[in-house]
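For reference, the structure is listed below as structure tokens.
The values are calculated or read from the model by the stated rules, or taken from the named source; none is laboratory data. The model shown is predicted, which means the values in this text are computed figures rather than measured ones. As a convention, Cβ positions derive from the backbone with ideal geometry for all residues, glycine included, and neighbour counts pool all protein chains shown. Protein only, heavy atoms only, side chains kept; ligands, DNA and RNA dropped before computing areas. Shrake-Rupley method; radii C 1.70, N 1.55, O 1.52, S 1.80 Å.
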Amino acid sequence: MSDTTIQEQQPAPDFTLPAVGSDDVVKNGQVHLQELQGRPVVLYFYPKDDTPGCTKEACSFRDANREMQKRGAVVLGVSTDSVASHQKFAEKYGLSYPLLSDTDATVSQLYGVYGEKNMYGKKYLGVNRETFLIDKDGVVRKIWHKVKPDEHANEVLETVDALKL
């Protein structure tokens, strides 16, 4: 568990994670955030591959990805699922952007999105659905703590435009 709180206008913590996805971003089977400086990054954390809410969110980013790319933005999805799980998820839904595997939740904790959750009265630890918009200089410009999966990608795209990233 982490009490790390990332704030807007602070540098985004750097990390390297195993990943599947586009070769222009994934190098040697991993993504290193710092290597993406010079491009805006949409870093979205989600609880689990191939579950209803996460599938809606992933597909909304898939559908918005071409517009994100036109603006030079890189979309990165992060969960604690394995690379093999991400590969199946990406293939099943045609997800063309990288999915990063944070199996030990280190990066999720670093970004303060890993914590106690409650479903049907059962408490457990997991990843919260949150998104960080990082500018070309590696600074967090916007954080969404409460995300509606099916509308979120368009909301992020509007913010990329509004902030002229």
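In a strand (DSSP E or B), of a type in the set (A, V, I, L, M, F, W, C) and under 28 Å from LEU163 (Cβ atoms): is that true of VAL78 in this structure? In short, yes. Restricting segment 1-45 to residues that are touching a Phe, Trp or Tyr at 6+ places or on another chain (Cβ under 9 Å) and among the hydroxyl-bearing types (Ser, Thr, Tyr) leaves a set whose member that is least open to solvent (accessible area, probe 1.4 Å) is TYR44.
Sort out which residues of segment 46-55 are out of contact with any Pro (no Cβ under 9 Å at 6 or more places or on another chain) and open to solvent by 90 Å² or more (accessible area, probe 1.4 Å), and write them in order of number. LYS48, the sole residue that qualifies. Within segment 31-46, residues that are more than 14 Å from VAL160 (Cα to Cα) and in a helix (DSSP H, G or I) reach partners that are among the hydroxyl-bearing types (Ser, Thr, Tyr) and modelled with pLDDT of 95 or more with beta carbons closer than 8 Å, at six or more positions or on different chains, in the pairs LEU33/THR16.
Go through segment 125-165 and give me each residue that's of a type in the set (A, V, I, L, M) and part of a loop (DSSP other than H, G, I, E, B). Break it down into steps so the answer makes sense when it comes.
We begin by selecting, within segment 125-165, every residue of a type in the set (A, V, I, L, M); these are 125, 127, 133-134, 139-140, 143, 147, 153, 156-157, 160, 162-163, 165.
Hits for segment 125-165 are VAL147, LEU163, LEU165.
With respect to the numbered conditions (1) touching a residue at least 12 places away in the same chain (Cβ under 8 Å); (2) of a type outside the set (S, T, N, Q); (3) under 17 Å from ILE134 (Cβ atoms); (4) in a helix (DSSP H, G or I), which one is the sole condition not fulfilled by VAL25? Going through the list (1) touching a residue at least 12 places away in the same chain (Cβ under 8 Å); (2) of a type outside the set (S, T, N, Q); (3) under 17 Å from ILE134 (Cβ atoms); (4) in a helix (DSSP H, G or I), VAL25 breaks only (4).
So which residues in segment 85-103 are in contact (Cβ under 8 Å) with a residue 12 or more places away in the chain, charged (D, E, K, R) and farther than 15 Å from PRO13 by Cα? Can you show your working first?
Here is the first cut: in segment 85-103, the residues in contact (Cβ under 8 Å) with a residue 12 or more places away in the chain are 85-90, 92-103.
Checking the rest, the ones that are also charged (D, E, K, R) come to 88, 92, 102.
The answer is LYS88, LYS92.
Which of the residues that make up segment 47-58 are in a loop (DSSP other than H, G, I, E, B) and either under 17 Å from TYR111 (Cα atoms) or touching a residue at least 24 places away in the same chain (Cβ under 8 Å) (or both)? Once the filter is applied, which keeps residues that are in a loop (DSSP other than H, G, I, E, B) and either under 17 Å from TYR111 (Cα atoms) or touching a residue at least 24 places away in the same chain (Cβ under 8 Å) (or both), segment 47-58 yields PRO47, LYS48, ASP49, ASP50.
For segment 107-146, name all the residues that are aliphatic (A, V, I, L, M), within 18 Å of GLN7 (Cβ to Cβ) and open to solvent by less than 30 Å² (accessible area, probe 1.4 Å). Working first, answer last.
Initially, segment 107-146 is screened for residues aliphatic (A, V, I, L, M), giving 107, 110, 113, 119, 125, 127, 133-134, 139-140, 143.
Restricting the remaining residues to those that are within 18 Å of GLN7 (Cβ to Cβ) gives 107, 110, 113, 133-134, 139-140, 143.
Once the filter is applied, which keeps residues that are aliphatic (A, V, I, L, M), within 18 Å of GLN7 (Cβ to Cβ) and open to solvent by less than 30 Å² (accessible area, probe 1.4 Å), segment 107-146 yields VAL107, VAL113, LEU133, ILE134, VAL140, ILE143.
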